[in-house]
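This report refers to the structure that appears directly beneath it.
All of the numbers you see were taken from the coordinates with simple rules; none came from a lab. The structure displayed is predicted, hence computed values, not measured ones. Positions of Cβ are generated from backbone atoms using ideal geometry, with glycine treated the same way; all protein chains shown enter the neighbour counts.
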Amino acid sequence: MRSTRNKPKFIDDLGKMGSFKDFARMAGGAAESLGAVRGQVKSVVNGFLAEMDFVTRDEFERVEALAQKARERQIALEKRLEELEKHLGARTPQTAKTKKAKK
């Protein structure tokens, strides 16, 4: 058998309890303490994030959507410009350089 000095403190505490009510009271106190600590940690983390000037997920997604729309618009305008240049027979700077070099 093990001596009582080698028993973990938790087992000693369980042995000292007289009933299940004592155990429930101890567990309830631990849960309340954990809830209080969780609230304090959440408060500290939220304060830190506010000071770091991070954006919210909603703000990020809105800006991301705007950037996507702008990119799509840019691509559409590049295609339109290319079609207009073909239609008008416009010389691009690249074709103008090659024609001058041939002369």
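Full extension of the segment from residue 44 to residue 68, taken as 0.36 nm per residue of separation minus the current Cα-Cα distance, would add 5.2 nm. Computed from the Cβ-Cβ distance with R0 of 41 Å, the FRET efficiency linking residue 25 to residue 56 stands at 0.50.
Suppose the chain between residue 36 and residue 85 were pulled fully straight at 0.36 nm per residue; how much longer would it get relative to their current alpha carbon spacing?
Working: separation 49, 0.36 × 49 = 17.64 nm, distance 6.86 nm.
Taking residue 36 through residue 85 to full extension adds about 10.8 nm, to one decimal.
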